[in-house]
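To start, the structure itself, in structure tokens.
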Amino acid sequence: MTKINTMEISKRWAWITMLLVGMISISITSCNDDEGDTNPDAEEVESAWVIGYRVETPQGRVYYLEAHENLPSATNTSEAVELGLNSRIYSYGENPYTWNGDAATITKWEVNKSSFELSAIGIVSFAGTGVSGNIAAPAFISETQAYTTNLAEGVVVEWNPSTMEITKVHNVDAFPDLGFDNLLFEFNKEVTDDGRILIPIETGELGICCDYPAGVAGARTAIFDPTTSTVTYNIDNRLIGSDNAHYTDPVTGTRYAVPVWGNSLVPAFFNNPETLPNPHSLLKVNNDGSFDAGYEYNLDDVLEMTLYFGTSFIYDNKIVFTYVGDDYTWGSFDDRYTILYTGNFKAALVDLETNEVKPFDAFSGYTSARAFGIIDGKPFINASAIDSDGNQTSYLLQQNAIDDYTEVTKHVGGGIEHFNKLW
């Protein structure tokens with residue numbers, strides 16, 4: 001496993017640092033696969049895919065959206081809608097949606113079924129609701145019901161994707177004040193079978209030393225119930241901090257809370273490590289957002305490590321993740337991030353049933369790789385690397401087996417942010 005690049009490390013923090021306003025063109029051609037785009041008799045295609053990505057520029061990260069009949073082998077900004085800076089890309093049903101963090105708006109797009117032309121067909125503004133910046137990953141319940149949240153302020157905004165109008169602003173219990181200037185990551189949301197919204201919560205690394213304060217550590221979730229307009233927060237002190245994404249095993253259906261690298265940095269420097277939660281445990285998450293009290297898998301019991309960096313995927317009761325072994329020597333607390341550039345990063349596969357540990361070499365050509373969605377029963381992976389010219393490069397991989405992957409789409413100069421099959 002190659003060293004982790006600084007651009008990859010900064011990815012997590014860039015959600016709150018991007019500037020300027022992105023312009024959205026109301027009707028822009030995304031992909032001219034036919035010379036007869038304007039032909040009203042053109043046959044409709046059988047499928048359409050969207051892929052959204054960012055390009056690193058001196059001005060910041062610029063976002064793009066493309067539509068195609070099939071996933072392209074490579075992205076092409078000349079065939080894309082330029083969304084500008086401070087944007088995010090989502091999709092639901094047959095429509096892409098894009099978020100403009102500066103304007104606090106969501107735009108709904110339509111893909112022409114013969115020409116793949118992308119047209120903006122509606123905009124809803126969240127100005128004045130308490131939702132802005134880069135916190136607005138929506139949860140879609142149906143074509144007429146969606147939710148955007150800012151739990152730090154205790155705000156859940158209900159809106160209608162069909163009419164692109166705000167339906168209601170729900171004032172809910174805000175995320176508890178932990179007593180320090182923590183960051184709250186609530187980017188990912190899951191709609192459960194009973195129509196509630198499950199939100200994995202990641203809190204930023206505790207950047208102080210060296211007595212760990214009570215009440216700060218813990219894996220956390222929130223669950224919003226639209227029928228009662230209430231949010232319930234759950235915490236489990238067996239894990240020092242959890243990632244802002246849950247990982248669900250597509251074979252067993254089990255949902256896991258996994259460690260997050262920022263909080264995995266902390267324990268080595270504190271005076272009371274014996275009283276701290278484990279930084280390297282896996283917990284199971286129930287549909288109501290609570291944690292399974294009867295399950296904890298301590299990865300330290302089967303593998304000696306200094307840092308758990310990132311989860312690639314969980315598949316058939318096996319987890320693949322990146323870590324730094326126990327051969328690393330920490331410096332001072334202020335220099336703790338040095339491990340990200342000098343640590344000997346490795347990838348491991350751990351069988352959660354047999355406890356067998358194996359090196360995992362299928363991602364050896366990438367700096368990071370993680371689960372990116374399942375389409376038509378096929379799992380996909382989002383992998384990153386640095387090419388021979390020093391460019392950050394992102395790959396969309398299709399998983400054929402636990403250690404076999406096919407490169408589907410390559411994007412040079414940034415990262416792939418979103419993809420989906422619309423129909």
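Here are the numbers for this structure:
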quantity: Criterion violated by ASP335 - all others in (1) touching a Gly at 6+ places or on another chain (Cβ under 7 Å); (2) open to solvent by 30 Å² or more (accessible area, probe 1.4 Å); (3) modelled with pLDDT under 90 satisfied; calculated: (1)
quantity: Flag if GLY325 is closer than 16 Å to HIS280 by Cα, touching a residue at least 12 places away in the same chain (Cβ under 8 Å) and open to solvent by less than 60 Å² (accessible area, probe 1.4 Å); calculated: yes
quantity: Selection status of ASP335, over 19 Å from LEU239 (Cα atoms) and in contact with an Asp or Glu (Cβ under 8 Å, 6 or more places away or on another chain); calculated: no
quantity: Scan of the range 373-404 for residues that are open to solvent by 40 Å² or more (accessible area, probe 1.4 Å) and among the hydroxyl-bearing types (Ser, Thr, Tyr), ordered by number; calculated: SER388
quantity: Of the criteria (1) part of a loop (DSSP other than H, G, I, E, B); (2) open to solvent by less than 20 Å² (accessible area, probe 1.4 Å), which one GLY262 fails; calculated: (1)
quantity: Flag for TYR308 being crowded, with 18+ Cβ neighbours inside 10 Å, modelled with pLDDT under 95 and part of a strand (DSSP E or B); calculated: yes
quantity: Selected residue (criterion: most open to solvent (accessible area, probe 1.4 Å)) from residues of the range 345-372 that are in a strand (DSSP E or B) and among the small types (Gly, Ala, Ser); calculated: ALA371
quantity: Residue among ASP33, ASP41 that alone is of a type in the set (Asp, Glu), at pLDDT below 50 and more than 29 Å from VAL260 (Cα to Cα); calculated: ASP33
quantity: Within the range 268-281, considering residues that are touching a residue at least 40 places away in the same chain (Cβ under 8 Å) and assigned to a helix (DSSP H, G or I), the one most open to solvent (accessible area, probe 1.4 Å); calculated: THR275
quantity: The range 218-259, residues that are open to solvent by 40 Å² or more (accessible area, probe 1.4 Å), more than 18 Å from LEU352 (Cβ to Cβ) and either touching a residue at least 12 places away in the same chain (Cβ under 8 Å) or assigned to a helix (DSSP H, G or I) (or both); calculated: THR227, THR230, THR232, TYR233, ILE235, ASN237
quantity: Check on ILE201, buried (at least 22 other Cβ atoms within 10 Å of the Cβ), more than 30 Å from ASN400 (Cβ to Cβ) and among the hydrophobic types (A, V, I, L, M, F, W, C); calculated: yes
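Rundown of residues vs (1) modelled with pLDDT of 80 or more; (2) of a type in the set (Val, Ile, Thr); (3) more than 18 Å from the chain's Cα centre (by Cα); (4) more than 27 Å from THR105 (Cβ to Cβ), yes/no style:
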position	(1), (2), (3), (4)
LYS168	yes, no, yes, no
ALA174	yes, no, yes, no
LEU183	no, no, no, no
VAL191	yes, yes, no, no
THR203	yes, yes, no, yes
GLY207	no, no, yes, yes
THR228	yes, yes, yes, yes
THR232	yes, yes, yes, yes
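The values are calculated or read from the model by the stated rules, or taken from the named source; none is laboratory data. All values derive from a computational prediction rather than experimental measurement. Note that we place each Cβ from the backbone using ideal geometry, even for glycine, and neighbour counts take in every protein chain shown. All accessible areas refer to the heavy atoms of the entire protein, side chains included, with ligands and DNA or RNA removed. Shrake-Rupley method; radii C 1.70, N 1.55, O 1.52, S 1.80 Å.
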